[in-house]
Amino acid sequence: MKKWKKISLFVCVFAFVREFRPIEPFYAAYMTSPAINITLTQTSRDVYAVGAYSCFVLIIIVFLITDYLKYKPVLIMDGICGVMAYCSIVGHPSLLRMQIGQVFYGFFFSSEVAYFGYLYAMTDDKRYYQRITGQARAACLSGKFFSSLFAQLVSLVNGSVPYVELVYISIFGMFFSTIWAYFMPNVKNSVYFHNEKSEPTDVPPPTIKNYTSSTGEPKTTEDIESQQSKTKITKDIDKNDGKSLGQVLLYLHKDFKRSYSDPYVRKLCLWWAFAFGAYVQVYTYINVLYTYVLDLNEDTHFTLYNGAAESLNTLIGAIAAYSIGQLELNWFKVGDLFLGIGSLLAGIVLLGCFYTRTLWFIYAFYIIYGCLYQTMLTVAESEVAKRLSRDSYGLVFGFNSFIALFLHTLMTYGIVQGHIISVSTIQQFLIYAVYYMSIGAVFLIFSIINYFSPAATDSIIECKQ
């Protein structure tokens, strides 16, 4: 088996098992069940909030130590923290114990970037980056799908949700991912602290072909390739010398400036960070909303289908993301319009979650929202990736996630915990709806500006892999 296939297999198994946590769709319901017996308000403000704060604090630390420790130790620690997070809700835990568990969950959530970094660090041939990235994301979504489906089927067969059993199965999934990570091959080189590889600096014979830059100025292939060659040479010098902390930080600064120097990349990253921040909020509190509406309706006989909703959300979102990835469109011209309309529609379906009191409709709206979000994220990620060097993608992913988690933390502090505005669980979704509609309005304005821009109307942007 070729090395890149072997590494992809290792990472895909790890990603699949890491996402096999069947208690997740029923987490809020478990918190309010007799086994734990805390209120929904405590679940939102005292438990989930600690997880939000820890994610925000830990993501930058995790990003830096992941590269320094060469990925694998962080993957092992990721599994251990997952075990600790779910062990903290076994039995009849105190509120403090559950809050400590959320700190471990914060590390677990933040270290998702580690296995993608491991994937790139262990694959020498960059021609396979797109393929292995797709395989790892597919494994991740498959793990979520089968985990949620399993939880729902077990609940239907059992006649009620077996919360305790689902927690133990989640712990086993985290334990298996820890053992699997231990047997994964070691990384010899990383992107910043331990990079001893040099890239070829040969400049291929240029072919003249017209392109247009993101600023509207015409470029030729010769200009682009010459610029890429200079970037590679500079990158080799910087990375091979940059092994001390100061030099690594200097290279990070240069890499950051180079990555975000393109206005098109900055614009897409703006959507990515803001939309992801709201997505984490919706994903975290949708289960709280299910239980809130159930209590509001005083329906003690309704069977929760949270697992079915989550599995369909994942499956349909993955299909939509794959389908949009096959379309060959000039996203430079239509991307703003697509993101604008998609964000508006996401806001509308979240508005439906606010107005309806029927769980079936809320399930349907959540599935539609997930489909819209995954589709738009695929476009944004792929367009950003086209314009970055492969080594810079982890940095951009990490920084965008940092901004998203900052927004997630801000909304948790101001809205969920009520320090800025005090609202109920169902009113939170009104705020999320307005938030997405605002993003949609901004990108529709961008699309109008882009439509009348000479660079967009007179030329087509082509990006070389």
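What follows is calculated from the coordinates using simple rules that are stated; it is not laboratory data. Quick caveat, the model's predicted, so the values are computed rather than measured. For neighbour counting, all protein chains shown are included, and Cβ atoms are generated from backbone atoms with ideal geometry for every residue, glycine included.
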Neighbourhood net charge (12 Å Cβ-Cβ; Lys/Arg +1, Asp/Glu -1) for ASN186: +3
In degrees, nearest 10, range 0 to 90: what is the angle between the Cα axis of helix 112-122 and the longest Cα principal axis of the chain? 40 degrees
Dividing the mean separation of Cα pairs under 8 Å (6+ apart) by the residue count of the chain yields a relative contact order in percent of 22 percent
Other residues with Cβ under 13 Å from the Cβ of VAL11 give, with Lys and Arg +1 and Asp and Glu -1, a net charge of +4
Please give the FRET efficiency for ARG45 paired with ARG127, using the beta carbon to beta carbon distance and R0 = 45 Å, rounded to the nearest 0.05. 0.40
For the Cα atoms of the chain, what angle does the longest principal axis make with the long axis of helix 95-110, in degrees from 0 to 90, nearest 10? 20 degrees
For ILE38 and HIS301, what does the FRET efficiency come to when R0 = 22 Å and r is the distance between their Cβ atoms, rounded to the nearest 0.05? 0.40
Tally Lys and Arg at +1 and Asp and Glu at -1 over the other residues with C-beta under 15 Å from the C-beta of ILE362: what net charge comes out? -2
Sort the range 53-107 into rounded, prolate or oblate with this rule: let a ≥ b ≥ c be the square roots of the eigenvalues of the Cα gyration tensor; rounded if a/c is under 1.5, and if a/c is not under 1.5, prolate when a/b is larger than b/c, oblate otherwise. oblate
Show me, for the range 49-65, the HN-Hα J-couplings you get by feeding each phi into the Karplus relation (A = 6.51, B = -1.76, C = 1.60, θ = phi - 60°), rounded to Hz, glycine and proline as x. 4, 5, x, 5, 5, 5, 4, 5, 5, 8, 5, 5, 4, 4, 4, 6, 6
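If I stretch the segment between ILE403 and ILE449 completely, what's the gain in nm (0.36 nm per residue apart, minus their alpha carbon distance), one decimal?
14.0 nm
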What FRET efficiency comes out for LEU245 versus TYR182 if R0 is 25 angstrom and r is the Cβ-Cβ distance? Round to the nearest 0.05. 0.35
Nearest-ten-degree value, helix 163-182 long axis tilted from longest Cα axis of the chain: 30 degrees
In nm, to one decimal, how far is the ASN158 label point from the ILE60 one, both placed 7 Å along Cα→Cβ? 4.2 nm
State the extension gain, in nm to one decimal, for the chain segment bounded by TRP360 and SER323, taking 0.36 nm per residue of separation less the distance between their alpha-carbons. 10.7 nm
Roughly how many whole Å is it from the C-alpha centroid of the range 350-388 to that of the range 61-124? 26 Å
Pair GLN427, LYS2: separation of 7 Å Cα→Cβ label points (nm): 5.7 nm
